[in-house]
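Here is the structure we will look at, set down as structure tokens.
The values are calculated or read from the model by the stated rules, or taken from the named source; none is laboratory data. Source: prediction; values computed, not measured. In this analysis, Cβ positions are derived from the backbone assuming ideal geometry, glycine residues included, and neighbour counts consider all displayed protein chains. Side chains are part of the model used for accessible areas, which takes the heavy atoms of the whole protein and leaves out ligands, DNA and RNA. Shrake-Rupley method; radii C 1.70, N 1.55, O 1.52, S 1.80 Å.
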Amino acid sequence: MAASDDRSAEGRGGLNRPRNAVPLKKIGFVGIGNMGWPMAANLLKAGFELAVCDAVPGRSAQFAEQVGGTAVADAAEAVRGADAVITILPTSKQVAAVADQMAPALAKGALVIDMTSGQPARTREIAARLAERGVAMIDAPVSGGVPRAKSGDLAIMLGGEAAELDRAEPVLKAMGSSLYRCGGIGAGQAMKALNNLSSAGTFLMGIEVLLIGQRFGLDPATMVEVLNASSGMSNSSQRKFKQYVLNRRFDDGFALELMVKDLGIALEVGRETETPTPFSALCREMWAAALASLGPGHNHTALAQLSERMAGDILGGNK
């Protein structure tokens, strides 16, 4: 799997940009959600022209009023005259519907940049349909959460043809600081799902570690400090346990439903590659159980509450 960030790209002798590539200036942006809003804002700061739309009534108008750009009614209007369109939606099913809506309005040579954490196989199907109209597509899901979306410091995992990734790079650099070329179309989404599988596993295990320690008599906050200075360190211990669990906020901006969706995608990739995944399957079932138990609308860090219920304790010592 080829991977590169801004530094390693130069170390490989520079990027292979097509000589006659037209710079991407006018961008349609479909999906102004928790992540899409700050990402679109960073595109405006970087000087791109932006037309935005969202399924939530009034949200695109709110964005245009508060941040800038042009609010439009739907995806078809967002892509008229655009050099590229960015989609960042909850599922590939929604991306497919939007692609069908906007395809007739896309100019030949336009580029679709799907930043959804989607299904690789479905994305390949969408890309094939767009290619028949002379429209290229890459996938570019992100990692880093809302805080790094705001700072423009996202990690972006890329799938697609090298020439199209070269075209998209200036746009992507306005939103992320590390760009990783993972392979052909769908490879970025496969990597994103597997990344979230790893993250979900360490979060779940870490919560159980804190509960065991608390029942033994250890202080959870002190445990987090020890983990972060030891081999048990993880993204969850560094950026989630104190920030969103121990203080009972559960509000980092990434929904529980989306984590469960991503874990399902990761296991789909496992099945397609005929890879045995017993622990991963159990991990996914635990997250799905949390969603069933807590109900929709919860943050993914609220998974801790399922583990707490099973243990009969609340982290921090409050019964």
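List of remarks:
- Listed by chain and number, the lysines whose alpha-carbon sits under 18 Å from that of Lys240, ignoring those within fewer than 8 places in the same chain, are Lys150.
- Couplings for the range 150-162, taken from phi via the Karplus curve 6.51 cos²θ - 1.76 cosθ + 1.60 with θ = phi - 60°, read 5, 7, x, 10, 6, 8, 10, 9, 10, x, x, 5, 4 Hz in order; Gly and Pro are left as x.
- Sequence-ordered 3J(HN,Hα) estimates for the range 58-64 from the Karplus curve with 6.51, -1.76 and 1.60 and θ = phi - 60° stand at x, 5, 5, 5, 4, 4, 4 Hz, glycine and proline given as x.
- Cα-centre dipole for the range 244-319 with unit charges at Cβ (Lys and Arg positive, Asp and Glu negative), debye to 20: 320
- Centre separation in Å (Cα based) which lies between the range 270-319 and the range 91-110: 34
- Accessible carbon and sulfur surface of the chain relative to its total accessible area, %, 1.4 Å: 54
- Annotation: per residue accessible area for the chain equals 46 Å², rounded to a whole number [probe 1.4 Å, protein chains only].
- Each of the peptides 46-56, 137-147 was scored by the mean count of other Cβ atoms within 10 Å over its residues; in descending order, highest first, they stand as 137-147, 46-56.
- Protection proxy ranking of 289-296, 108-115, 206-213 - average other beta-carbon atoms within 10 Å, highest first: 108-115, 206-213, 289-296
- Remark on Val52: its backbone amide H falls under 5 Å from those of Phe29, Thr70, Ala71, Val72, a criterion applied only to residues 5 or more positions apart or on other chains, H modelled at 1.01 Å from N.
- 5 angstrom amide H check on Ala136, placed H, neighbours 5+ away: Gly109, Ala110, Val112
- Calculated FRET efficiency for the pair Lys93/Met233, C-beta based, R₀ 41 Å, to 0.05: 0.65
- Label corresponding to Kirkwood radius over Cα pairs in Å when calculated from the structure given, among [x] 21.6; [y] 20.6; [z] 24.3: [y]
- Backbone phi angles across the range 228-234, fed through the Karplus curve with coefficients 6.51, -1.76 and 1.60 (θ = phi - 60°), yield HN-Hα couplings of 6, 9, 9, 6, x, 4, 8 Hz in residue order; Gly and Pro are listed as x.
- Candidate cross-link partners of Lys26 among the lysines, defined by an alpha-carbon separation under 20 Å and a same-chain spacing of 8 or more, comprise Lys45, Lys108, Lys173.
- Cut-off under 5 Å, modelled amide H: who pairs with Ser117 long-range: Leu89
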